[in-house]
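The values are calculated or read from the model by the stated rules, or taken from the named source; none is laboratory data. As the structure is a computational prediction, the values presented were derived from the model and not from experiment. In this analysis, Cβ positions are derived from the backbone assuming ideal geometry, glycine residues included, and neighbour counts consider all displayed protein chains. To get the accessible areas, we keep the full protein, side chains included, count just its heavy atoms, and leave off ligands, DNA and RNA. Shrake-Rupley method; radii C 1.70, N 1.55, O 1.52, S 1.80 Å.
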Amino acid sequence: MSSEADAAEGGSSPETGPVTALRAALGAGLLVGQQVAAKVVRDAFFLSEFPVTTLPLALAAGAAISLIAVAALSRVTARRHPGAVVRMMLWSSAFLLALEWALSLGAPRAAAALVYLHVATFGATLVSGYWSLINESFDPHAARKAMGTIGAGASVGGVLGGALTWRASRLVRVPTLLLGLAGLLVLCALALRGIGRSRPAAGRPGPSPRVDAEPARSEPSLAWLARDPYLRALAALMVLCAFVEALLDYAFNAAAAGRFAQGQALAGFFAAFHTFTGLAGLIVQASLVRRSLTRLGLAGTLATHPLVVALLAGVASVIPRMNVMVLLRGAEAVLRNSTFRSSYELLYTPLPHTLKRPAKPWIDVGADRLGTLAGSGATALALVVAGPHVGRALALLATAAALAMLAVTWRFHRAYVTALVESLRRGVVRLEQEEVVDSTTQRAVESAGREEAGREETVPAAAAEEEPKGSQVADLRSSDPVRIRAALALGLSDATAVAAALPLLRRDDLFKDVVPALRPAASRFTGQLVDALLDPAVDPVIRRRAARVLASAPTRRAADGLLAGLECERFDVRYRSGAALLRLRQRAGLAVPADRAFAAAQREMEELGGHADPIRLDHVFTILALAREGEPIDIARRAVRGHDAALRGTALEYLDQVLPAAIRDALFPLIGAVAAPLPARRGVMEVRDELIRSSWRWTHDRSRRSSRGR
């Protein structure tokens, strides 16, 4: 296994697609089913051997050991692929469960304590490692599509795990169930074989030295966690979530221990509870999660968990009965394993692997255990202070913590989009073809109406003679290029000179002289330029070149004229108006009404009629950049045309987040992003090697051209 893991460490990505998603869902089902069964066995075994008042101490001890384990896990995952780490942990946990079963035959109290610590230590770390593996097996856009399948598999596993344990608890003693837990871990390890392993491309050379790759992280992950506000927000969210769970878990267990006898009866109740909550989670996952992610977004979907918990905990603080506690604990478990988990895992997609791998265990497990420690401490304090009213006190604390958690979740929409933008900015260096694409687009648009541009526009001699000989206007209206260039060099200081210079825009031999002369006058004579741009009777070449000149006028009037140019009847004029307006917005910071920009983009996509014309698609992205932050939209435009599947997925995820639903639904079919998951992507090593060679050749060729120029 280690050699396979070492190959995966190189960075190559596994094949993604329906088969991989189904296998990942099977692994999720087995793992979550085992986790549910392990909690049932842990709680029933522990409460059969120890009084319920020892639970806070057991929780604190398990959390402390987990913090030590997560430090080791963070170091390992920073160097090894998550697939190898998860498989190693699965086999180790199965072996320890078998040993604990053997110990229970002679020392049941010691075995019960060890099982409690074992499940507390391995449970969260296994889940964290598994989701890290899944997160790296899919690009950001494909992850959202696969998450529903994988989440459904996890929910089905939770239901089956609870149901099987419920049934088995009536047939065998609780310690014997440890062997069944070990068997589930073995099946999970077998199901995950091959997921996340590299597939080297045939005929490709070996790894090359890294060029333009992210620098290796030499600092401890905790240093990055302390410095990165996005990671800190994730950690705070997990601490609060674990704090709430620890409070509610004690209140629930105490109510159950007071109502049911020890041993099999207690195990049967816990198993029935987890079965029904797992079934409810499956229904929520299948029917609501995807719809919630689409309509409410990540922040809204995250907020459902703390909002419901706060409401029900408020009720439990007034009516601290067992049925209310069961409802509260059940709602928390259902939402945490459905809406919260599905949206929470997506929050990691913008992060690079070099940061995600070491930081994720600290957040998923370390922050979780800090919350558990705080919750166990608060529970112990409540036992001393509140006495018989401890259930009500814990419900009040849970209400306050859930409200704090709700405040954190609302910050994540902006934080998530910002992280995606940063990810796109890091990835833009991985696209080597984009300047070529831009220049091709420019040449194609320039060629529109080229047959008309060849015709030289001259004025009647009589008209020229109306101006005094030697005057600037007479020189501009002459047919002599020498006289015209001399007149342009004097500058255009009045409306008559500007009117005489505008027709010269259509002459290719004078174009490079006319535009620099008109630009300084653009702010003073904006009206003349806008009239030339919008008049259908004016030569199309003049119209689109007038748009270029207007890009130099940092005025609201120029921006309004170019915005009106987006509604012209000719595409070449619309194209140049959009490009000029984007430059004007970038230089002068003039705002463009988002509704008008989106309406223009919608019209362009309707004209495409489902045909993905690359030049017109470039124009659509230009318009979208007017309504949203320009640089990320431009990077996304280039990414969806590139060959880097991971970067393409990040770009699609960004567009999915920032575009209105109508625009997104019209755009995605044109860029091949709907109707089916993204096609299987090549391994990252293959793409990286090709990128290194291509970028080196591009850089080398440009350097040689520069050297020859000197």
Scope the stretch 357-410; condition open to solvent by 40 Å² or more (accessible area, probe 1.4 Å), over 28 Å from Ile68 (Cα atoms) and at pLDDT below 85; matching residues:
Pro388, Trp410
Residues that are of a type in the set (A, V, I, L, M, F, W, C) and open to solvent by 10 Å² or more (accessible area, probe 1.4 Å), drawn from the stretch 230-239
Ala233, Ala235, Ala236, Val239
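A quick yes/no check of all residues on (1) in contact (Cβ under 8 Å) with a residue 24 or more places away in the chain; (2) surrounded by fewer than 23 Cβ atoms within 10 Å (Cβ to Cβ); (3) within 27 Å of the chain's Cα centre (by Cα):
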site	(1), (2), (3)
Arg23	yes, yes, yes
Leu30	yes, no, yes
Thr54	no, yes, no
Ala64	yes, yes, no
Val70	yes, no, yes
Arg79	yes, yes, yes
Met89	yes, yes, no
Ala94	yes, yes, no
Trp101	yes, yes, no
Hits in the stretch 584-600 (condition: open to solvent by less than 60 Å² (accessible area, probe 1.4 Å) and touching a Pro at 6+ places or on another chain (Cβ under 8 Å)):
Leu584, Ala588, Leu590, Phe598
Is one or more of the residues making up the stretch 252-260 under 40 Å from the mean Cα position of the chain (by Cα), part of a helix (DSSP H, G or I) and not small (Gly, Ala, Ser)?
yes
Pairs please, first residue from the stretch 636-650 and open to solvent by 20 Å² or more (accessible area, probe 1.4 Å), second anywhere and charged (D, E, K, R) and in a loop (DSSP other than H, G, I, E, B), Cβ atoms under 6 Å, 6+ apart in sequence or on different chains.
Ala645/Asp139; Ala645/Arg681; Ala646/Asp139
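To keep it simple, each residue is scored yes or no on (1) free of Cβ contacts under 8 Å to residues at least 40 places away in the same chain; (2) aromatic (Phe, Trp, Tyr); (3) within 15 Å of Ile542 (Cα to Cα).
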{"site": "Ala487", "(1), (2), (3)": "yes, no, no"}
{"site": "Leu502", "(1), (2), (3)": "no, no, yes"}
{"site": "Arg506", "(1), (2), (3)": "no, no, yes"}
{"site": "Lys512", "(1), (2), (3)": "yes, no, yes"}
{"site": "Val515", "(1), (2), (3)": "yes, no, yes"}
{"site": "Leu518", "(1), (2), (3)": "yes, no, yes"}
{"site": "Ser523", "(1), (2), (3)": "yes, no, no"}
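Confirm whether Arg109 is farther than 22 Å from Leu190 by Cβ, at pLDDT 90 or above and basic (Lys, Arg). Write out each step before concluding.
Values: farther than 22 Å from Leu190 by Cβ: yes; at pLDDT 90 or above: yes; basic (Lys, Arg): yes.
So Arg109 fits the description; yes.
Can you go through Gly157, Gly148 and tell me which one is on the phi < 0 side of the Ramachandran plot and either at pLDDT 75 or above or of a type in the set (Asp, Glu) (or both)? If you could, list the steps in order and put the result at the bottom.
Working: Gly148 fails: either at pLDDT 75 or above or of a type in the set (Asp, Glu) (or both).
Sole residue among the options that is on the phi < 0 side of the Ramachandran plot and either at pLDDT 75 or above or of a type in the set (Asp, Glu) (or both): Gly157.
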Ser218: open to solvent by 80 Å² or more (accessible area, probe 1.4 Å), at pLDDT below 85 and assigned to a loop (DSSP other than H, G, I, E, B), yes or no?
yes
Considering only the stretch 517-524, I want to know if a residue exists there that is within 45 Å of the chain's Cα centre (by Cα), of a type in the set (A, V, I, L, M, F, W, C), assigned to a loop (DSSP other than H, G, I, E, B) and surrounded by 18 or more Cβ atoms within 10 Å (Cβ to Cβ).
yes
Quick one: which helices (runs of 4 or more DSSP H) sit completely within the stretch 302-380 and have at least 1 residues that are farther than 19 Å from Tyr130 by Cβ?
322-335, 353-361
Which ones in the stretch 542-595 are in contact with a Gly (Cβ under 7 Å, 6 or more places away or on another chain) and either at pLDDT 95 or above or of a type in the set (Ser, Thr, Tyr) (or both)?
Ser577
Checking Arg616 against (1) open to solvent by less than 50 Å² (accessible area, probe 1.4 Å); (2) touching an Asp or Glu at 6+ places or on another chain (Cβ under 8 Å), which test does it fail?
(1)
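Regarding Leu248, is this residue over 23 Å from Val172 (Cα atoms), open to solvent by less than 10 Å² (accessible area, probe 1.4 Å) and more than 28 Å from the chain's Cα centre (by Cα)? Write out each step before concluding.
Details: over 23 Å from Val172 (Cα atoms): yes; open to solvent by less than 10 Å² (accessible area, probe 1.4 Å): yes; more than 28 Å from the chain's Cα centre (by Cα): yes.
Yes.
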Among the residues of the stretch 549-562, which ones are under 36 Å from the mean Cα position of the chain (by Cα) and either within 17 Å of Ala517 (Cα to Cα) or open to solvent by 10 Å² or more (accessible area, probe 1.4 Å) (or both)?
Ala551, Pro554, Arg556, Asp560
Which of the residues that make up the stretch 331-356 are of a type in the set (A, V, I, L, M, F, W, C), open to solvent by less than 10 Å² (accessible area, probe 1.4 Å) and free of Cβ contacts under 8 Å to residues at least 60 places away in the same chain?
none
The stretch 619-635, residues that are open to solvent by less than 10 Å² (accessible area, probe 1.4 Å) and in contact (Cβ under 8 Å) with a residue 60 or more places away in the chain:
Pro632, Ile635
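Conditions tested, residue by residue: (1) under 19 Å from Leu624 (Cα atoms); (2) not in a loop (DSSP other than H, G, I, E, B); (3) not aliphatic (A, V, I, L, M).
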residue: Pro536; (1), (2), (3): no, no, yes
residue: Ile542; (1), (2), (3): no, yes, no
residue: Ala546; (1), (2), (3): no, yes, no
residue: Ala553; (1), (2), (3): no, no, no
residue: Ala559; (1), (2), (3): yes, yes, no
residue: Leu562; (1), (2), (3): yes, yes, no
residue: Val573; (1), (2), (3): yes, yes, no
residue: Ser577; (1), (2), (3): yes, yes, yes
residue: Asp595; (1), (2), (3): yes, yes, yes
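Using the structure shown, decide if Leu328 is of a type in the set (A, V, I, L, M, F, W, C), in contact (Cβ under 8 Å) with a residue 40 or more places away in the chain and surrounded by fewer than 23 Cβ atoms within 10 Å (Cβ to Cβ). Spell out the reasoning first.
Details: of a type in the set (A, V, I, L, M, F, W, C): yes; in contact (Cβ under 8 Å) with a residue 40 or more places away in the chain: yes; surrounded by fewer than 23 Cβ atoms within 10 Å (Cβ to Cβ): no.
It is false that Leu328 is of a type in the set (A, V, I, L, M, F, W, C), in contact (Cβ under 8 Å) with a residue 40 or more places away in the chain and surrounded by fewer than 23 Cβ atoms within 10 Å (Cβ to Cβ).
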Does Arg369 satisfy the criteria of being among the basic types (Lys, Arg) and farther than 27 Å from Arg80 by Cα?
no
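Test of understanding: among Ala242, Ala261, Ala271, Ala257, which residue is out of contact with any strand residue (DSSP E or B) (no Cβ under 9 Å at 6 or more places or on another chain), modelled with pLDDT of 80 or more and either over 29 Å from Leu90 (Cα atoms) or surrounded by fewer than 15 Cβ atoms within 10 Å (Cβ to Cβ) (or both)? Break it down into steps so the answer makes sense when it comes.
Numbers: Ala242 fails: either over 29 Å from Leu90 (Cα atoms) or surrounded by fewer than 15 Cβ atoms within 10 Å (Cβ to Cβ) (or both); Ala261 fails: modelled with pLDDT of 80 or more; Ala271 fails: either over 29 Å from Leu90 (Cα atoms) or surrounded by fewer than 15 Cβ atoms within 10 Å (Cβ to Cβ) (or both).
On inspection, the qualifying residue turns out to be Ala257.
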